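None of the figures in this text is laboratory data; all of them are computed from the coordinates on show. What you see is a predicted model; the values in this text were computed from it and never measured. So basically every Cβ, Gly included, is an ideal-geometry build from the backbone, and we count neighbours across all protein chains shown.
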Amino acid sequence: MPMDQLKKESLELEKIKAYFDQRLSDWEVGKTNDGRLVGISPSFISSYKNYPFDFYLQRFLGFSQEENDITDHLDARLVGVLFHEAVDFLYRPISQGGKITVEHINWMKEQVDAALKHGLAVKELEYRPTSHGRNHLLVNLAKIYLNQWLSFEEKRITSSSIQIVGIEEEFVFPAQFNIWGEMKTIHLLGKFDRIEMESGVLRIIDYKSGSFKDKDLKLNPMQFEAIDPEMPISSKAYQL
């Protein structure tokens with residue numbers, strides 16, 4: 001239903017300012033004492049632009065959609081988590097400078113079930129039954145995804161030399177912004193699913209287990225000049 005605009009009163013402004021004034025023990029890497037990254041990610045920006053009320057609920061009032069999820073069903077996001085964790089397991093042995101070889105792909109094909117078992121053990125998935133019903137079908141779908149991915153990789157190495165540079169690599173870039181008349185350093189942060197060298201070309205890869213259309217990846221430079229909630233933009237475009 002229609003909602004009144006959430007105006008930035010003094011309380012909201014103070015909360016926003018406090019978020020960027022957090023004291024970091026290691027400023028260069030943008031982390032708190034407990035190892036948590038502090039800054040702005042693509043999902044942070046797209047949430048602010050596209051879903052301002054949800055942004056307000058989650059960032060300021062502390063509500064978390066994930067924490068309130070009391071069902072035992074896997075959804076599209078969790079299937080994505082499972083796929084990411086399984087791929088991470090398969091590539092971890094050569095994650096630091098190793099080349100993808102026929103031998104390694106054959107090993108990965110044998111380890112698909114073990115990779116899915118590893119993925120299902122992560123915090124968000126460990127209590128969801130997968131032996132029957134809808135969850136069982138979704139896990140088998142993830143298995144199909146993995147086997148298709150490995151077939152794709154097998155074709156690539158027939159014509160290219162592929163070296164894994166990093167898996168699940170965090171990045172932090174300190175950028176200067178003028179905020180309320182005061183120059184501040186804000187960390188732009190995120191995580192690379194995978195970095196590789198393919199025949200001398202550096203590639204940054206972001207795994208997508210869901211569907212999207214070409215228009216979701218169109219970039220309009222004007223939308224990056226200012227964070228304007230009236231100009232929504234796909235979170236996938238922001239990730240690019």
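Find, among the trypsin sites (Lys or Arg not before Pro) in segment 118-195, those assigned to loop by DSSP (not H, G, I, E, B) with at most 11 other beta-carbon atoms within 10 angstrom. Answer in residue order: K123. Taking 18 Å as the straight-line reach from the Cα of K184, the lysines in range (excluding those fewer than 8 positions away in the same chain) are K15, K17, K31. As an exercise, identify the GluC sites (Glu not before Pro) in segment 82-181 lying in DSSP coil whose Cβ has no more than 14 other Cβ atoms within 10 Å. Answer in residue order: E126. Classify segment 116-172 from the C-alpha gyration tensor, please: rounded if a/c falls under 1.5, else prolate or oblate depending on whether a/b exceeds b/c. Judged from the Cα gyration tensor, segment 116-172 comes out oblate (a/c at least 1.5, b/c at or above a/b). Taking 0.36 nm per residue of separation and subtracting the Cα-Cα distance, full extension of the segment from D34 to S10 would add 5.7 nm. In this calculation the C-beta distance from T158 to R128 is compared with R0 = 41 Å, giving a FRET efficiency of 0.60. On full extension, the segment bounded by K213 and F192 gains 5.4 nm, given 0.36 nm per residue less the C-alpha separation. Remark: spin-label model distance R203-E103 equals 2.3 nm, labels positioned 7 Å along the Cα→Cβ axis.
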